[in-house]
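S.K.: For reference, the structure I am asking about is given below.
The values are calculated or read from the model by the stated rules, or taken from the named source; none is laboratory data. Fair warning: this is a prediction, and the values are worked out from it, not measured in the lab. When we count neighbours, we look across all protein chains shown, and the Cβ atoms used for this are built from the backbone with ideal geometry, even at glycine. Keep in mind that these areas ignore ligands, DNA and RNA; they rest on the heavy atoms of the full protein, side chains included. Shrake-Rupley method; radii C 1.70, N 1.55, O 1.52, S 1.80 Å.
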Amino acid sequence: MIPDIEKASKEKIKALQEDKLQELLSYLQTHSAYYQDVFKKHQIDIKTITSLEDLTQIPVTTKDDLQKHNDAFLCVPKHKIIDYVTTSGTLGDPVTFALTDADLERLAYNEAISFACAGVKETDVLQLMTTIDRRFMAGLAYFLGVRKLGAGIIRVGAGIPELQWDSILKFKPTYLIAVPSFLLKLIEYAKQHDIDINSSGVKGAICIGESLRNQDFSLNTLAEKITTQWHIDLYSTYASTEMNTAFTECEAQQGGHHHPELIIAEILDDDNTPVTPGNVGELTITTLGVEGMPLLRFKTGDMVKAHTDTCSCGRNTMRLGPLVGRKKQMIKYKGTTLYPPAMDNILNDFNEVLSYVIEISHNDIGTDEICIKIAASNPEETLLSKIKDHFRAKLRVSPKIEFHDKKTIQAIQFPAMSRKPILVIDKRA
């Protein structure tokens, strides 16, 4: 299930996107109160926007815009809304998105071709280890996508290793949809209960929410911990509620593939202009074919690098490298620029670290401070020294580190109404 456009020439891909951009601009001009105001305020004649390069003439849309003017983005009457979802609110207050029946069909198509990209076939069975309720788009998207692909799905939901293994052993899924660190909990449970994980029939996992790879696409520490014990293939997927679209790795595992019929992707610098090829910038997206709440030049807040060479799988689509970090979570610490994912990789090097939370704050003179709260199997001074030395070796600086019991860390990670663990708490103004 590979759309022809993904193996077409780069010229044909660009031409398709420019045609769909024209359709989107016309749709927004007719139906979007928010973008009508933008076009009027900035005196933009949409007929002059004919190429992807012309997009720079249009102001970007920010998360603040979505929060302040949420209802103004709606392009359909309320009786056409079939489903309401909300963002996770990782970098601010949650935002509501309204989906029509056509949007749900588009969501299903996106996930079906994304799963197919990772090698999933209609003969496979997938076990869903994320929530499908609480207005969470991802869980719903996975279910719809598997159904669209024609594969089978087991909706177990998040957590509970005992129930997960009961389902794995009973229904024999071939793929899991899970947060990578949860796979380590499944491995640990299997060890304690004499379950042979490598004869379970699971051959791969579609992983969400955490990075699996370094910037050169080699497995990071977390992924190595999983695959050295459980001999399965791991596939990264990157998505957000705002995008209504996923970037999923193919079997070459060299970055998440762009679906050009569904989304336009720009990588922008601080001046909202495209970065030079090969450089890191902020992913900025324009959704194509969305009916309820389409977005034009929306800045995701995620810092990434694009790869544009042809993939060995034959696709000519752009690929996104592993997430470098979230722009708002960039830290200037003792003269060094850091993003939390770099600290995740270091902490994952230690088997003694059971769970953790990274807290960022300002000190009395207004500069950034980092405090990492850790639950460890042996919270001793020797371990503390090893972790600090490892930070200095890898990042040249060592943050403040505190030991706490596991229940305290879990309470911080899972506040009320949380749909996924919170590993970074930014207390800066």
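S.K.: Where residues in the stretch 331-360 are assigned to a strand (DSSP E or B) and either open to solvent by 40 Å² or more (accessible area, probe 1.4 Å) or in contact with a His (Cβ under 8 Å, 6 or more places away or on another chain) (or both), which of them is farthest from LYS427 (Cα to Cα)?
M.R.: LEU354
A quick yes/no check of all residues on (1) surrounded by 13 or more Cβ atoms within 10 Å (Cβ to Cβ); (2) in contact with a strand residue (DSSP E or B) (Cβ under 9 Å, 6 or more places away or on another chain); (3) of a type outside the set (Phe, Trp, Tyr); (4) at pLDDT 95 or above:
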position	(1), (2), (3), (4)
ILE44	yes, no, yes, yes
THR56	yes, yes, yes, yes
LYS63	yes, yes, yes, no
LEU66	yes, yes, yes, no
LEU74	yes, yes, yes, yes
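Every residue, every condition in (1) open to solvent by 60 Å² or more (accessible area, probe 1.4 Å); (2) modelled with pLDDT of 90 or more, yes or no:
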residue: GLY314; (1), (2): no, yes
residue: LEU323; (1), (2): no, yes
residue: GLY366; (1), (2): no, no
residue: ILE374; (1), (2): no, yes
residue: ARG396; (1), (2): yes, no
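S.K.: Scan (1) surrounded by fewer than 18 Cβ atoms within 10 Å (Cβ to Cβ); (2) closer than 19 Å to HIS257 by Cα; (3) among the basic types (Lys, Arg) for the single condition LYS327 breaks and write down its number.
M.R.: Of everything listed in (1) surrounded by fewer than 18 Cβ atoms within 10 Å (Cβ to Cβ); (2) closer than 19 Å to HIS257 by Cα; (3) among the basic types (Lys, Arg), LYS327 misses just condition (2).
S.K.: Just for the stretch 376-387: of the residues that are farther than 18 Å from THR408 by Cα and of a type in the set (Ser, Thr, Tyr), which one is surrounded by the most Cβ atoms within 10 Å (Cβ to Cβ)?
M.R.: SER385
S.K.: When you go through LEU320, LEU347, LEU354 one by one, which is the residue that is in contact with a Gly (Cβ under 6 Å, 6 or more places away or on another chain) and hydrophobic (A, V, I, L, M, F, W, C)?
M.R.: When all the criteria are applied, what remains is LEU320.
S.K.: Looking at the stretch 11-42, which of its residues are basic (Lys, Arg) and either open to solvent by 90 Å² or more (accessible area, probe 1.4 Å) or modelled with pLDDT under 95 (or both)?
M.R.: Step one: filter the stretch 11-42 for residues basic (Lys, Arg), giving 12, 14, 20, 40-41.
Selection gives LYS12, LYS40, LYS41.
S.K.: Which residues, counting only those in the stretch 116-154, are touching a helix residue (DSSP H, G or I) at 6+ places or on another chain (Cβ under 6 Å), under 19 Å from GLY289 (Cβ atoms) and open to solvent by less than 10 Å² (accessible area, probe 1.4 Å)?
M.R.: ALA141, GLY145 - these are the residues of the stretch 116-154 that are touching a helix residue (DSSP H, G or I) at 6+ places or on another chain (Cβ under 6 Å), under 19 Å from GLY289 (Cβ atoms) and open to solvent by less than 10 Å² (accessible area, probe 1.4 Å).
S.K.: For the structure I just gave you, tell me whether GLU261 is assigned to a strand (DSSP E or B) and closer than 24 Å to THR50 by Cα.
M.R.: no
S.K.: Any residue in the stretch 192-215 that's over 17 Å from GLY255 (Cβ atoms): show its pairings with residues that are among the basic types (Lys, Arg) at Cβ separation under 9 Å, as long as the two are six or more apart or on different chains.
M.R.: Between residues of the stretch 192-215 that are over 17 Å from GLY255 (Cβ atoms) and residues that are among the basic types (Lys, Arg), the close pairs are ILE197/LYS191; SER200/LYS172; GLY201/LYS172; VAL202/LYS172; GLY209/LYS420.
S.K.: May I ask you to list the residues in the stretch 274-299 that are in contact with a Gly (Cβ under 9 Å, 6 or more places away or on another chain), of a type outside the set (Asp, Glu) and touching a residue at least 24 places away in the same chain (Cβ under 8 Å)?
M.R.: PRO274, VAL280, LEU283
S.K.: Tell me whether the stretch 32-40 contains one or more residues that are in contact with a helix residue (DSSP H, G or I) (Cβ under 9 Å, 6 or more places away or on another chain), within 30 Å of GLY139 (Cβ to Cβ) and assigned to a helix (DSSP H, G or I).
M.R.: yes
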